[in-house]
Amino acid sequence: MVDLSINCGGIKSPNPFWLASAPPTNSAYQNCKAFEAGWGGVVWKTLSHPIMNVSSRLGGFDYSGQKLAGLNNIELTTDRSVDINLKEIKETKKLWPDRAIIVSLMVESKRETWHDIVKKAIDTGADGIELNYGCPHGMSERGMGAAVGQVPEYCQMITEWVTEISTIPVLVKLTPNVTNIQMPARAAKAAKAQGVSLINTINSIVGIDLDTLQIIPSVAGKGGHGGFAGPAVKPIALHMVSQVAIDPEFNLPISGIGGISTWKDALEFILLGATSVQVCTAVMHHGFRIVEDMIEGLTNWMSSKGYSKLDQIRGKSLPQIDSFGNLNLLFKTVARIDQSKCIHCNLCYIACEDGAHQCIDLTPENGHNKTVIREKDCVGCNLCSIVCPVPECISMVRTDDGTSEKTWNNLVQDFRNDGKELTWESLAEFQKGHGIEIH
Amino acid sequence: MENIASKLTQEQYEKNFKELHPPFSYGAALAEASRCLYCYDSPCMKACPTHIDISQFIKKISTDNLLGSAKTILKSNWVALTCAKACPVAVLCEGACVLNEKGDKPIEIGRLQRYVIDNYFAKEMPPLFTKKPSNGKSVAIIGSGPAGLSCSAELALLGYNVTVFESSDIPGGLNTWGIAPYKMRKEDALKEVELVKTFGVNVKTGVNVGIDILFNDLYKAFDAVFLGIGLGESRALSVNGEELSGVVSALDFIEQVKTEEWSSVAVGKRVAIIGAGNTSIDAATEAKRLGAEEVMVIYRRSSQDMSAYNFEFDLAKKDGIIFHFLTAPKKIVGKNFVEGIECIRMEPGEPDSKGKRRAFPVPGTEFVIPVDMVIKAIGQEAQNEFIASIPGVKFVNGMVEIKPDTYQTGNPKVFAGGDCINGGKEVVNAAYDGKMAAHGINNFLNN
Ligand SMILES: Cc1cc2nc3c(=O)[nH]c(=O)nc-3n(C[C@H](O)[C@H](O)[C@H](O)COP(=O)(O)O)c2cc1C
Ligand code: SF4
Ligand code: SF4
């Protein structure tokens with residue numbers, strides 16, 4: 001039996017799938033419907049000071065006919081009053097005692113204001129608090145959101161105002177619009193938060209209408225930067241989550257966010273150290289119903305691999321993350337084409353010829369071109385296998401025997417030990433000794 | 001029969017009967033699945049008589065969640081493999097796909113469904129459903145066709161003790177016997193029976209209720225009875241010469257093609273099929289694929305009035321079948337065996353309330369078409385006698401009368417579904433009936 005339940009810094013839920021603080025978690029109606037569909041937790045749409053949203057606040061990023069590869073927004077925090085939200089949170093928690101409800105908060109940088117809202121949030125019976133230091137637009141101009149998240153000292157100070165009075169777990173939601181994500185994460189830890197959530201949205205302009213020359217989305221002829229989310233941000237989010245997860249100074253639970261649409265995406269975040277995962281854009285696209293596949297898919301994967309608890313897999317891919325200098329230079333793969341699967345589109349040829357190392361030959365055969373890899377010239381870059389449209393047609397095959405290892409760091413050390421200088425010539429000598437030919 | 005068509009090589013038979021819609025490869029299934037828009041409350045789902053959550057099962061293919069996908073399909077339809085292969089998808093789910101409206105090719109829903117269920121059966125059916133604990137009540141199901149199987153599966157999961165009585169030695173009903181081999185092979189239908197058996201359903205084959213065991217004994221021994229008995233004999237043409245050697249019924253012919261070696265099924269050189277429904281097309285194309293030289297469909301009304309689907313009509317035309325519309329058989333000529341069929345030209349009259357035009361013979365237009373075999377495909381009779389023997393069960397227009405929401409017959413303990421209540425529709429309708437009747441039975445036994 002697979003058990004998907006988690007404990008994220010003291011916030012427990014029956015599965016790791018939470019809704020991120022955003023339009024899908026705006027109201028009791030939506031959050032109850034989400035729980036009905038199977039979501040393990042919700043981070044309520046951020047409560048804040050009185051605000052108003054503009055009409056026309058989203059912009060979609062389509063790629064190659066695929067809708068919503070990314071989503072840009074200039075929406076602010078909730079535009080419903082704090083009192084209504086608190087009342088609904090309380091009612092929802094009563095109806096769904098086994099699910100996690102986390103209240104997202106963002107108020108001005110005054111200790112009393114934070115104390116006041118934190119107490120109210122706790123009174124609802126919610127399971128945790130998330131501090132929104134991420135919103136990149138609108139709120140930051142008012143000294144909140146990303147304006148706090150981008151300065152570790154502010155982040156620590158305000159988080160302390162919260163943790164000093166909170167009786168429930170506090171997660172700090174981080175903005176990705178920083179150069180080193182480890183800094184705000186450490187600040188959250190120093191302020192005694194129970195964990196962090198990341199990433200919030202990335203500063204973006206999603207596009208320009210080429211007929212009207214208006215920025216998208218256009219608000220009566222004006223626009224500006226918004227926050228970018230959805231599938232396109234996943235690789236960035238995965239990186240940031242991994243950076244926080246491998247930081248020995250951090251070592252707290254992480255709620256992973258950014259471009260999660262399927263159980264596979266979620267699993268990748270978990271393998272890189274996330275305890276819970278949060279979803280926004282995918283639900284804005286397809287509705288709460290996607291969680292059924294997420295729960296089933298993750299459960300099936302776990303049982304097919306013999307795992308029964310998420311603890312067994314959390315962070316399992318992290319030990320592989322290392323610096324470039326520690327990668328083995330003598331590891332060698334080459335591309336092999338399964339001719340029986342090849343449909344003769346020649347995409348591998350043109351990619352390698354113009355975009356890589358010119359090691360695929362085209363030989364006319366039976367009225368089409370046969371693509372043949374010159375293995376001795378193949379550098380094993382993966383490009384042809386990435387562009388090939390037929391699954392499993394081009395595979396990358398390891399050709400070294402796995403017995404020799406030499407990393408860049410080793411190599412530099414060797415040169416140093418031998419009193420040799422690192423020059424193109426000395427490097428060529430090393431390469432020759434290992435049958436590596438650069439052309 | 002004389003003038004038997006010459007036998008083909010086994011290789012040629014295999015080629016003639018090869019699948020019309022071959023399975024998807026992994027890559028092709030993935031590519032097709034990712035074309036689906038994942039519509040909400042999708043028109044395809046609404047067009048499916050069993051309301052399979054199609055966009056959800058397709059989405060799950062695209063995430064490699066094939067077990068979850070199988071669960072989504074099966075919980076709505078217990079004979080989903082048969083449906084994937086035999087449903088007229090062009091007029092159901094695929095016909096409703098929004099991509100048609102967009103000007104694109106609709107998603108190949110049938111083939112995707114088959115991909116999922118093939119995979120599930122190949123994996124030896126890992127359990128996806130949990131049975132409720134036994135409630136001590138028992139239900140007898142008569143007939144192991146799609147209606148009976150669906151009803152059994154649903155009831156077994158609800159905790160009932162279910163016994164299926166099947167007169168034939170091999171279960172599955174028309175799913176096993178009645179579907180053209182280029183659409184589906186017998187083995188697929190039997191796998192669906194196996195699936196239902198994994199829920200603890202007891203399938204007794206070779207037991208003819210009314211002969212081997214009295215209906216009344218079943219009625220007394222079980223808490224409820226479900227009739228999934230289908231229809232009876234093929235309808236007679238009622239013309240002279242019907243008794244000649246070489247006159248067969250479409251269902252017998254189709255069953256032979258499905259169960260015997262193709263080389264041992266006798267087919268004439270020139271074959272006439274009477275009637276123009278989907279069964280008639282099956283018989284015509286099968287006769288052609290067995291090696292008949294000339295195959296024709298004779299139908300007394302016009303092409304607009306025939307009940308065969310357009311895509312079936314197209315298939316027949318591709319196979320070189322000749323259609324004689326507005327032509328009615330008057331008698332079958334021959335001494336001991338069929339030598340020809342005497343027909344008369346017809347003229348269309350005014351459309352009736354259903355829009356179907358009756359046709360009237362044009363006097364003096366008789367003519368004889370030389371043929372060696374006549375296949376009757378003008379429908380089936382109901383199981384009149386059997387049904388008449390059950391007290392309370394009412395019969396209207398040759399169909400068992402039921403309450404539409406509960407599938408209960410005039411006898412409160414007896415429920416019915418499938419061809420016996422609708423006069424002969426698709427597998428998928430029977431699958432839905434069986435499932436709904438199971439809930440009717442459950443409500444009845446819990447009140
Ligand atoms: C329209 C919109 C409004 C959002 N509002 C909030 C908010 O009020 N508070 C917050 O913490 N994050 C907000 N977010 C960010 C999301 O919670 C989430 O961090 C981000 O969308 C990345 O996840 P995704 O790729 O699954 O969409 C919003 C996102 C969108 C698209
Ligand atoms: S096609 Fe119509 S129903 Fe579908 S998303 Fe667009 S507007 Fe909505
Ligand atoms: S209608 Fe077509 S596109 Fe929409 S869900 Fe059904 S199969 Fe997919």
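Using square roots of five times the C-alpha gyration tensor eigenvalues, list the equivalent-ellipsoid semi-axes of the range A:314-434 in whole Å, biggest first.
Value: 34, 19, 11 Å, ordered largest first.
Return an integer: the convex hull volume of the alpha-carbon atoms of the range B:163-209, in Å³ per residue.
57
Would you mind counting up the charge near B:A276? Only other residues with Cβ under 13 Å from its Cβ, with Lys and Arg at +1 and Asp and Glu at -1.
For residues surrounding B:A276, the net value is +2.
Expressed as cubic angstrom per residue, what is the convex hull volume of the alpha carbon set of the range B:1-130?
169
From the Cα gyration tensor of the range B:247-376, with a ≥ b ≥ c the square roots of its eigenvalues, which class applies: rounded if a/c is under 1.5, or else prolate if a/b is larger than b/c, or else oblate?
Since a/c reaches 1.5 but b/c is at least a/b, the shape of the range B:247-376 is classed as oblate.
Could you compute how fast the range A:302-354 diffuses translationally, taking Rh as the Kirkwood radius over C-alpha pairs and applying Stokes-Einstein at 4 °C with viscosity 1.567 mPa s? Give it in µm² per second.
Translational diffusion coefficient: 81 µm²/s.
Largest first, what is the accessible-area ranking of B:M346, A:M106 with a 1.4 Å probe?
From most exposed to least exposed: B:M346, A:M106.
List, in the order given, every pair from A:K192/A:K264; A:K93/A:K305; B:K376/B:K403; B:K131/B:K191 whose Cα-Cα distance in the structure shown is over 25 Å.
A:K192/A:K264; A:K93/A:K305; B:K376/B:K403
Average the reciprocal distances over every distinct pair of alpha-carbons in the range A:37-156, invert the result, and give the Kirkwood radius in Å.
About 15.8 Å, per the Kirkwood formula over Cα pairs.
Among the helices of chain B (complete DSSP H runs), which have Cα atoms covering no less than 24 Å along the helix axis and a Kyte-Doolittle mean of at least -0.5?
Those that pass (Cα extent of 24 Å or more, hydropathy at least -0.5) are B:427-445.
With the cut-off at 30 Å, tell me which of the pairs B:K288/B:K425; A:K90/A:K222; B:K59/B:K183; B:K186/B:K394; A:K316/A:K370; A:K87/A:K173 have Cα atoms farther apart than that.
A:K90/A:K222; B:K186/B:K394; A:K316/A:K370
Which three numbers, in whole Å and largest first, are the semi-axes of the equivalent ellipsoid of the protein assembly as shown derived from its Cα gyration tensor as √(5λ)?
Listed largest to smallest, the semi-axes of the protein assembly as shown are 63, 37, 26 Å.
Would you work out if the range A:6-317 is rounded, prolate or oblate? Take a ≥ b ≥ c from the square roots of the eigenvalues of the alpha-carbon gyration tensor; rounded if a/c is under 1.5, else prolate when a/b is larger than b/c, oblate otherwise.
In terms of gyration-tensor shape, rounded.
In the protein assembly as shown, with Lys and Arg counted as +1 and Asp and Glu as -1 at Cβ, which of these residues, B:N16, A:G259, A:T403, has the Cα nearest the positive end of the dipole, that is, farthest along it?
The residue sitting most towards the positive pole is A:G259.
Using protein heavy atoms only (no ligands, DNA or RNA), what is the total accessible area buried between B and A, 1.4 Å probe, nearest 100 Å²?
Approximately 1200 Å², summed over both chains.
In the range A:351-435, which GluC sites (Glu not before Pro) fall in coil by DSSP and have 13 or fewer other Cβ atoms within 10 Å?
Filter output for the range A:351-435: A:E375, A:E392, A:E405, A:E421.
Can you pull the percent of the protein assembly as shown's accessible area that's carbon plus sulfur, 1.4 Å probe, other chains left in place?
Percent of accessible area from carbon and sulfur atoms in the protein assembly as shown: 52.
Residues of the range A:324-398: accessible area per residue at 1.4 Å, in Å²?
Heavy-atom SASA per residue in the range A:324-398 reads 58 Å².
Starting from the Cα of B:S263, step 7 Å toward the Cβ, then list every residue of the range B:1-24 with an amide N under 20 Å from that point.
From the range B:1-24, the list is B:3-18.
List the lysines whose Cα sits under 28 Å from the Cα of A:K420, skipping any in the same chain fewer than 8 residues away.
Reachable lysines: A:K332, A:K406, A:K432.
Once the other residues with Cβ under 12 Å from the Cβ of A:L329 are scored (Lys, Arg +1; Asp, Glu -1), what is the net sum?
-1
Mind listing, in residue-number order, the residues in the range B:65-81 that have at least 50 Å² less accessible area with every protein chain present than in their own chain alone (1.4 Å probe)?
B:N65
Of the chymotrypsin sites (Phe, Trp or Tyr not before Pro) in the range B:1-101, which ones lie in a loop per DSSP and count no more than 11 other C-beta atoms within 10 Å?
The qualifying sites are B:Y40.
What are the equivalent ellipsoid semi-axes of the range A:196-350, built from the alpha-carbon gyration tensor (square roots of five times its eigenvalues), in whole angstrom, biggest first?
31, 26, 20
Would you mind getting the accessible area per residue of the range B:19-122, heavy atoms of the protein chains only, 1.4 Å probe, in Å²?
Heavy-atom accessible area per residue stands at 36 Å².
Can you give me the convex hull volume of the Cα atoms of chain B, divided per residue and expressed in Å³?
Hull volume over Cα atoms, normalised by residue count, gives 157 Å³.
In the calculated pair distance distribution of the range B:98-175, what percentage of Cα-Cα distances lie above 22 Å?
49
The values are calculated or read from the model by the stated rules, or taken from the named source; none is laboratory data. Small disclaimer: the values here were computed from a predicted structure and weren't measured. Glycine gets a Cβ as well: all are built from the backbone with ideal geometry, and neighbour counts include every protein chain shown. Side chains included, ligands, DNA and RNA excluded: accessible areas come from the protein's heavy atoms. Shrake-Rupley method; radii C 1.70, N 1.55, O 1.52, S 1.80 Å.
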